[in-house]
1. Inspect all residues belonging to region 122-143 and state whether any of them is of a type in the set (Asp, Glu), exposed (fewer than 14 other Cβ atoms within 10 Å of the Cβ) and farther than 20 Å from residue 103 by Cα.
2. Can you pull out the residues in region 109-148 that are in contact (Cβ under 8 Å) with a residue 12 or more places away in the chain, within 45 Å of the chain's Cα centre (by Cα) and assigned to a loop (DSSP other than H, G, I, E, B)?
Amino acid sequence: MAKKEQFGNSKSKVTVLLFQLEGDDQTIQTGMRTIQNALSGFGKQVKQIQSSPPDNSNVPEEEPLAETEDESNEDVSEIATSQRQSKSSRSFKMPKILDLDLTSGDVSLKAYCEQKSPGSTDTKKYLVIASWLKEYRQIEEVSCDHIHTCYRHMGWQTPKDASKPLRNMVYSNQWFSAGSSEGMYKINHIGENIILGMGKGK
């Protein structure tokens with residue numbers, strides 16, 4: 001009789017051998033010894049058990065890792081935002097109104113601007129104002145205050161950063177040169193040549 005072994009929930013493979021002997025007592029005894037010897041050798045063989053895959057139905061699934069933001073990117077974003085806010089909230093010094101005579105003489109500032117027709121660009125307006133102040137008021141160097149005073153006289157809106165067009169004309173257009181002191185600028189021969197060509201197409 002084969003012995004049935006329990007292996008939990010796993011499946012086992014059992015081989016059952018059935019022998020039938022026929023003959024006299026001596027023959028049967030000889031056959032039994034032969035069978036016993038065979039079974040004793042068979043028992044030494046390694047039993048192979050085919051187990052079914054483990055049941056993972058009761059094993060809790062691993063929870064997916066929560067997505068985390070890259071702290072370095074967040075820091076960079078905060079710095080960029082701070083820089084934009086700092087730039088947008090940057091305050092500029094308000095230019096002053098100077099006591100300038102802008103109407104008397106052969107050509108008033110308004111008449112000169114109408115003649116040169118600088119258009120809507122601030123650099124051209126600054127250039128015309130500086131040229132008029134040099135030619136009709138003998139003011140060689142101008143500041144943001146000169147420009148702002150003339151802008152208000154003409155009814156124009158002074159840029160928030162009033163010195164930016166002056167800096168552009170020094171380093172980009174090169175129509176102006178730096179003056180004798182900080183914040184002062186003077187029209188150079190390149191700028192005067194531009195003035196000569198303005199207003200001729202009217």
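1. Among the residues of region 122-143, not one is of a type in the set (Asp, Glu), exposed (fewer than 14 other Cβ atoms within 10 Å of the Cβ) and farther than 20 Å from residue 103 by Cα, which makes the answer no.
2. Correct list: 117, 118, 141, 143.
Read the figures in this text as sums done on the coordinates, not as results from a lab. In this text, all values refer to a predicted model and were calculated from it rather than measured experimentally. Because the Cβ atoms are built from the backbone with ideal geometry, glycine has one as well, and the counts that use them run over all protein chains shown.
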